[in-house]
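Undergrad: After the structure tokens below, expect a handful of questions from me.
Nothing in this text is a laboratory measurement; each read-out follows from the coordinates by a stated rule. Since the model is a prediction, treat every value here as computed from it, not as a measurement. Neighbour counts run over all protein chains shown; Cβ positions are idealised from the backbone, glycine included.
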Amino acid sequence: MNLSTLETQLHGREALDPKLSNNFINGQWVPSDSGNTFADENPSDTTDVIGFFPDSTVEDTEAAIAAAKNAAGAWEQLGSIKRGDILFAAADILSRRKEELTGIVSREQGKCLRESLGETQRAIDILRFAAGEGRRLSGSTLPADEPRTMALTWKRPIGVVALITPWNFPLAIPIWKMAPALVSGCTAVIKPSPLAPLTTAFLVDIFNEAGVPAGVLNLVQGDRAPGETLSSHPDVRGISFTGSLGVGLAIQAAAAPRLARTQLELGGKNALIVLADADLESAADAIIHGAYGQAGQRCSATSRVVVERPVREELVELLLERLAKFRIGDPSVAETTLGPVVNEARLEACLAAIAQATRDGAVIRTGGQRAAGPGLEHGWYMQPTLLTEVAPDSELAMEEVFGPVLSVIDAEDFEHAMNISNSVKYGMSGTLFTRNRAHVYDALNRFEAGMLHVNRPGVGAWPHMPHMGAKLSQYGAAECSSETMEFYMEMRSACISFPVD
């Protein structure tokens with residue numbers, strides 16, 4: 001798809017379909033009982049209010065859970081192949097409305113068009129993969145200890161699940177939770193971030209159009225009240241959450257007393273190691289993509305470059321050359337390479353982290369401030385920032401920033417670089433640039449991270465591969481891939497004797 005053509009198509013801001021500014025419960029678009037709403041603002045232009053969405057209550061959420069519980073039996077009995085067919089139909093609708101969804105993601109979240117288009121295609125790919133799992137869900141037949149006896153296993157859905165999603169991937173992450181939940185036979189209540197409510201509402205409407213029965217997929221908008229209700233409700237048997245470590249720990253604590261399952265994808269402080277023998281041009285390209293793509297707002301973002309000291313300055317110069325060519329601005333313009341961060345709080349957090357880093361001795365080589373200029377006055381724009389002389393145990397090197405802020409940390413050798421990489425509490429991704437095959441295989445064994453890359457950008461994996469972390473980045477089953485079905489289903493076993501009459 002030509003980005004310039006897409007830009008022209010998206011130039012006008014269409015009005016929000018009124019029904020999407022509601023909750024979706026038991027097959028109906030309904031307002032919150034409270035009547036209260038919150039505003040969804042465009043982060044690139046806060047004068048553009050996209051719409052007002054329900055600030056849902058405990059009662060709204062309980063109604064959604066009840067609808068999901070009532071629909072569970074019939075949805076399970078439909079069978080996984082027919083459930084998969086419905087998801088294939090949803091993927092077809094999503095493909096037909098690809099440009100429209102791309103525009104919504106860009107307007108609501110602030111991604112550049114190329115990034116929004118990439119997320120939309122990834123969502124389609126994930127949905128098609130999950131739909132195909134409808135024909136792959138299986139158990140096994142096993143040897144029996146006794147004659148004329150069969151031993152077998154199969155899987156059943158765990159029941160009602162809560163899907164709590166973030167704002168940074170408002171399309172792909174809801175898809176990679178909703179699709180496996182539904183194909184497995186679970187019924188669901190999804191609660192998106194209040195910073196990105198429209199994309200999920202649009203997506204739920206697509207699933208409804210594709211034929212998902214009433215009550216199987218429900219949507220509640222809002223923040224704390226619905227989130228806490230979903231986490232603690234006795235009828236919710238599993239909670240899949242992507243977001244901050246603090247909220248994830250609270251969800252785990254709420255679920256533990258009733259032994260509800262949790263699948264938690266949390267923070268990251270990811271390192272990309274560059275050894276002295278690496279292709280520095282390729283490394284620089286990968287770092288730019290990993291650190292500044294989507295304004296650094298992803299759990300797998302490259303936030304630390306750990307580089308052998310002899311090539312540090314050469315690598316930094318290559319990065320500065322690339323950053324000098326960045327175009328900051330309206331993400332709906334095809335030439336824009338860096339859009340805004342999602343809101344004022346995120347911008348202030350970036351600035352505070354940089355200020356603390358300079359007090360700790362780091363040196364700002366470029367950026368470090370709010371971006372200013374024509375067209376940027378009403379958006380949350382941050383300059384792409386690169387700092388050197390960052391101590392490996394400093395706050396900037398240890399804590400997640402979630403913005404376009406990159407730390408460059410010096411290493412003496414491969415051993416030192418690996419120790420620095422593994423020194424943080426998170427473990428989402430790890431990346432190595434080198435020509436030394438021994439270091440490659442050593443690093444793959446030693447990285448304390450879930451998603452590993454060699455001589456390529458250190459971001460997420462492909463739709464059919466596990467998306468997961470280690471340490472405090474992940475708890476429970478991987479997302480995406482066949483492995484995620486382990487979260488939504490539980491095993492049954494049976495021994496069946498058939499003696500002669």
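Undergrad: What's the ranking of 21-30, 479-488 by average number of surrounding C-beta atoms within 10 Å, highest first?
TA: On the way: 21-30: 19.3, 479-488: 21.9.
Final packing ranking: 479-488, 21-30.
Undergrad: In addition: Hey, what did the range 270-463 get for relative contact order, percent, Cα under 8 Å, at least 6 apart? Could you put the intermediate results ahead of the total?
TA: On the way: 395 pairs, mean separation 57.9, N = 194.
Relative contact order, the range 270-463: 30 percent.
Undergrad: Another question about this same structure. When a/c reaches 1.5 or more, the comparison of a/b and b/c decides; with that in mind, is the range 277-366 rounded, prolate or oblate per its Cα gyration tensor?
TA: Numbers: a/c = 1.98, a/b = 1.22, b/c = 1.62.
Since a/c reaches 1.5 but b/c is at least a/b, the shape of the range 277-366 is classed as oblate.
Undergrad: How would the chain be classified by its alpha-carbon gyration tensor: rounded, prolate or oblate, with rounded meaning a/c under 1.5 and the a/b versus b/c comparison settling the rest?
TA: On the way: a/c = 1.98, a/b = 1.32, b/c = 1.50.
Oblate, since a/c reaches 1.5 and b/c is not below a/b.
Undergrad: Which residues' amide hydrogens lie under 5 Å from the amide hydrogen of Glu490, considering only partners 5 or more residues apart or on another chain, with H built in the peptide plane?
TA: It is Arg156, Ile158, by chain and number.
Undergrad: How much net charge surrounds Glu115 when only other residues with a Cβ under 12 Å from its Cβ are counted (Lys, Arg +1; Asp, Glu -1)?
TA: Values: positive: Lys111, Arg114, Arg122, Arg298; negative: Glu119.
Taking every Cβ under 12 Å from that of Glu115, the sum is +3.
Undergrad: Over 23 Å between C-alpha atoms is what I'm after, so list which of Lys155/Lys177; Lys111/Lys325; Lys98/Lys177; Lys325/Lys425 land there.
TA: Working: Lys155/Lys177 18 Å; Lys111/Lys325 18 Å; Lys98/Lys177 19 Å; Lys325/Lys425 34 Å.
Distance filter (> 23 Å) returns Lys325/Lys425.
Undergrad: So, one more: Can you list the aspartates and glutamates whose alpha carbon is less than 12 Å from that of Lys82, not counting same-chain residues fewer than 8 positions off?
TA: Qualifying aspartates and glutamates at Cα under 12 Å: Glu133.
Undergrad: Give the peptides 377-383, 181-187, 357-363 in descending order of average Cβ contacts within 10 Å, highest first.
TA: Taking the mean over residues of other Cβ atoms within 10 Å, the ranking is 181-187, 377-383, 357-363.
Undergrad: What do you get for the angle between helix 172-184 and the principal long axis of the chain? Use alpha-carbon atoms, 0 to 90 degrees, nearest ten.
TA: Tilt relative to the chain: about 20 degrees.
Undergrad: Can you list the residues, at least 5 places off or on another chain, whose amide H is less than 5 Å from the amide H of Asn218, using H built in the peptide plane?
TA: Placed amide hydrogens put Ala188, Val189, Ile190 under 5 Å from Asn218.
Undergrad: Oh, and also: When Phe241, Phe326, Phe53 are ordered from fewest to most other Cβ atoms inside 10 Å of their Cβ, what list results? Present the calculation step by step, with values, prior to reporting the outcome.
TA: Working: Phe241 28, Phe326 18, Phe53 24.
Final ranking by Cβ density, sparse to dense: Phe326, Phe53, Phe241.
Undergrad: How large, in Å, is the range 270-463 by the Kirkwood hydrodynamic radius built from its alpha-carbon pairs?
TA: Working: mean 1/r = 0.0603 Å⁻¹.
Kirkwood hydrodynamic radius for the range 270-463: 16.6 Å.
Undergrad: Can you work out ³J(HN,Hα) from phi for every residue in the range 479-486, in order, using Karplus 6.51 cos²θ - 1.76 cosθ + 1.60 and θ = phi - 60°, giving whole Hz and x for Gly and Pro?
TA: Karplus values, whole Hz, x for Gly and Pro: 8, 6, 6, 5, 4, 5, 5, 5.
Undergrad: Could you state the angle between the C-alpha long axis of helix 98-109 and the longest principal axis of the C-alpha atoms of the chain, as a value from 0 to 90 degrees rounded to the nearest 10?
TA: Relative to the chain, helix 98-109 is tipped by roughly 60 degrees.
Undergrad: Using Cα-Cα distances under 8 Å and only pairs 6 or more residues apart, what relative contact order does the range 416-501 have, in percent? List each step's numbers first, then the result.
TA: On the way: 115 pairs, mean separation 22.2, N = 86.
In percent, rounded to a whole number, it is 26.
Undergrad: What is the range 174-270's relative contact order, in percent, from Cα pairs under 8 angstrom and six or more apart in sequence? Spell out each step's value before the answer.
TA: Numbers: 94 pairs, mean separation 22.4, N = 97.
In percent, rounded to a whole number, it is 23.
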